[in-house]
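Below you'll find the structure, written out as structure tokens, and then a few comments.
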Amino acid sequence: MDVQKTLAQAEQFLKRGKVEEAIKKFSEVLESDPQNEVAANKLALAYIDLGETEKAIQLYCNIAKRASERGKNQK
């Protein structure tokens, strides 16, 4: 998988208002690269756009946990 290409596709979906399609692409990136903070952050924002705040909160918690595990507590 070309992560950058998939992220770009997701961004294009967002620009066109196709949030659900963007979510699929961001999720694909995270399946391939679970440490990808860009995809995780953008996926969380897309969930917020859809009103799915619980999913967004879970993603943010996962991002914070991974950052803490890497010694980046200030994030």
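Annotations
- If only residues of region 13-37 that are part of a helix (DSSP H, G or I) and open to solvent by 80 Å² or more (accessible area, probe 1.4 Å) are counted, the one that is farthest from Arg66 (Cα to Cα) is Lys15.
- Residues (open to solvent by 10 Å² or more (accessible area, probe 1.4 Å), assigned to a helix (DSSP H, G or I), farther than 12 Å from Leu14 by Cα and of a type outside the set (Ser, Thr, Tyr)) located in region 39-55: Asn41, Ile48, Glu54, Lys55
- Answer residue from region 2-12, given it is touching a helix residue (DSSP H, G or I) at 6+ places or on another chain (Cβ under 7 Å) and modelled with pLDDT of 95 or more and is surrounded by the most Cβ atoms within 10 Å (Cβ to Cβ) among those: Ala10
- Ile23 being at pLDDT below 95 and β-branched (Val, Ile, Thr): no
The values are calculated or read from the model by the stated rules, or taken from the named source; none is laboratory data. Nothing here was measured: the structure is a model prediction, and the numbers come from that model. Glycine gets a Cβ as well: all are built from the backbone with ideal geometry, and neighbour counts include every protein chain shown. Surface areas here come from the heavy atoms of the whole protein model, side chains and all, with no ligands, DNA or RNA. Shrake-Rupley method; radii C 1.70, N 1.55, O 1.52, S 1.80 Å.
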